1. To test your reading of the geometry: what angle, between 0 and 90 degrees and rounded to tens, separates the Cα axis of helix 30-42 from the longest principal axis of the chain?
2. With a 10 Å Cβ neighbour count serving as the proxy for reagent exposure, in which order, fewest first, do 109, 98, 56 appear?
3. Measuring from label point to label point, each 7 Å out along Cα→Cβ, what is the residue 79 to residue 54 span in nm?
4. Project the alpha carbons of the range 30-74 onto their principal axes and report the range along each, largest first, in whole Å.
Amino acid sequence: MFLHFLDENGYTIPQAILTRDMTQPIKPSPEVQQVLIDIYRHDDSLIRVCERLVDLDEGIQEWRYRHVKMVERTIGTKEGTGGSAGAKYLAATLSQPLFPDLWAIRTEL
């Protein structure tokens with residue numbers, strides 16, 4: 001949705017990214033990163049939107065961490081609900097940001 005918003009507001013996002021399979025994890029994109037760098041350099045109003053999304057992403061990552069710890073404390077290494085690997089599966093999600101491109105551009109700003 002965020003990338004569609006950018007595309008609708010004059011920023012060119014590749015069609016392949018806009019029509020990607022939404023059931024798959026988001027992969028970082030150099031093209032999207034270049035658009036975001038341009039936004040950070042020239043569009044103050046969208047910088048605020050981007051930074052709120054980074055805040056949201058960070059908060060979800062913190063929640064995931066607390067959730068992993070709660071599961072480890074509650075059921076240890078037992079199988080999780082729905083047949084998942086439990087805490088092991090949850091721990092694997094900790095390094096999966098919702099907005100990987102917003103994180104990837106940090107060194108460019």
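1. 60 degrees
2. 109, 56, 98
3. Simple spin-label model gives 4.2 nm for this pair.
4. If we take the Cα atoms of the range 30-74, the spans are 48, 22, 8 Å.
Bear in mind that the values in this text are calculations on the coordinates, not laboratory data. Owing to the predicted nature of the structure, the values given are computational and were not obtained by experimental measurement. Please note: Cβ atoms are built from the backbone with ideal geometry, for glycine as well, and neighbour counts cover all protein chains shown.
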